[in-house]
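Here is the structure we will look at, set down as C-alpha cells.
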Amino acid sequence: MDTLRHLTPDELLSGLGVRRVLAFAAHPDDLDFGAAATMAALAERGAEITLCLLTAGDAGGFSPDEDREGVPARRAAEQREAAELLGIPEVVLLDERDGFVEPTHDLIRSIVRLMRRCRPDVVVSTHPERAWERLQKAHPDHLACGEAVVRACYPAVENPFAYPELLSEEGLEAYRVPHLLLMTAPQERHNTWVSVAGYESTKVDALRRHLSQHPDPGQMERFVLEQMRASAADADRRGAQRSPHVPDDAPAEAFHLVTVNGQGTFAGF
Ligand SMILES: [Zn+2]
C-alpha cells in the first residue's frame, strides 16, 4: 500500500529531486486552484516551472453582457499575470477548445513535444479520474487533460518510435518522466499533502488575477482557505506520516503522487 506523506515544500523538492516542473491544465485558473501555493513555494526554492494551458478558457466567465470574442485573450492574460506572481515565467498555450478537450493523438503529440523540450523532473496535471465527492473539480476537460498527460508520460514520451517526427524533424529525444503530481484527484487517491504555511495569500492573490471568473471574490477566498485547512485535516484523518517540520495547523494542498520511472519500475509491464 502507498505510504501517505504530509511534508514541507523543502522535503518535496529534495525527496523528488525537483529542478524542473512542467504543469498542464485545461483552463486558466486550474493550476491556481489546485497547486498555486505549492508552485510558489517550489519556484521560490529555485525550481523552474513551465505552465501549459490546453485551452484559453473560451467558455468561461459569468456575465451575459461580456464580449465573448475577447474572452480567450483576457483569460490568457489573467493566467500570465497569475503565473508571474507565482514565479512561473513561461505559459504555453495550446489551441484546444474549452469544453471539447479529448485525449486525441494530436493533443498527446503536443504534450510529448513539450515534455521532451522541458525534460521535467515532475509533471503536474489535473487527474484523469472523476472525483464524485465534488464534481466541479472533475470537469470533463480536467479528466481529458489528465488522461492525455498520463498517456504521454507512459509510454509515448519515452518511446523513440512514438511520434518519430518529433525526433526526425525537431530533434526532440525520448525522455523518461520521473514523477507525476496530480491535482483534482478523487479524495481517496490523495497520498501526498504539501504544507503551504506562508503561501495562502499568494494563492488567493493568484486566483484574484482571474477577475473574469469570480463574481464574488470574497466567497472564492473563503472557499480556497477552507479547502486548504480541510486538506491538512484530511491528511491527519487518513493517518499520513507527518513530517516533524510541518507546522501545527498549517494549511495544505493535496495531490496524488505517482512515480512513473524510479527504482523498481520496469518498462513493458
Ligand atoms: Zn478548469
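Below are the figures for this structure:
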read-out: Candidates Asp95, Asp106 - the one that is away from the ligand (no atom under 16 Å from the Cβ), more than 16 Å from the chain's Cα centre (by Cα) and part of a helix (DSSP H, G or I); value: Asp106
read-out: Options Leu51, Leu94; residue that is touching a residue at least 40 places away in the same chain (Cβ under 8 Å), on the phi < 0 side of the Ramachandran plot and buried (at least 23 other Cβ atoms within 10 Å of the Cβ); value: Leu51
read-out: Count of residues meeting criterion [over 22 Å from Pro178 (Cβ atoms), in a loop (DSSP other than H, G, I, E, B) and modelled with pLDDT of 95 or more] in region 248-269; value: 2
read-out: Failed criterion for Ile111 (all others in (1) over 12 Å from Pro186 (Cβ atoms); (2) within 12 Å of the ligand (Cβ to nearest atom); (3) in a helix (DSSP H, G or I) hold); value: (2)
read-out: Qualifying residue in region 70-90 (condition: surrounded by fewer than 21 Cβ atoms within 10 Å (Cβ to Cβ) and polar (S, T, N, Q)); value: no
read-out: Within region 120-219, strands (runs of 3 or more DSSP E) holding 2 or more residues that are within 16 Å of the ligand (Cβ to nearest atom) and surrounded by 19 or more Cβ atoms within 10 Å (Cβ to Cβ); value: 122-126, 179-183
read-out: Filter result for Gly57 (of a type outside the set (Ser, Thr, Tyr), buried (at least 24 other Cβ atoms within 10 Å of the Cβ) and over 14 Å from the mean Cα position of the chain (by Cα)); value: yes
read-out: Condition met for Gln187 (over 24 Å from Gly87 (Cβ atoms) and over 18 Å from the mean Cα position of the chain (by Cα)); value: no
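Residues checked against (1) within 16 Å of the ligand (Cβ to nearest atom); (2) over 26 Å from Arg176 (Cα atoms); (3) touching a helix residue (DSSP H, G or I) at 6+ places or on another chain (Cβ under 7 Å); (4) modelled with pLDDT under 95:
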| residue | (1), (2), (3), (4) |
| --- | --- |
| Arg5 | no, no, no, no |
| Leu12 | no, no, no, no |
| Arg20 | no, no, yes, no |
| Ala26 | yes, no, yes, no |
| Asp29 | yes, yes, yes, yes |
| Ala36 | yes, no, yes, no |
| Gly46 | no, no, no, no |
| Leu51 | yes, no, yes, no |
| Asp65 | no, yes, no, yes |
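The values are calculated or read from the model by the stated rules, or taken from the named source; none is laboratory data. Every value quoted in this text rests on a predicted model; they were computed, and no experiment measured them. Methodologically, a virtual Cβ is constructed for each residue, glycine included, from the backbone with ideal geometry; neighbour enumeration extends over all protein chains shown.
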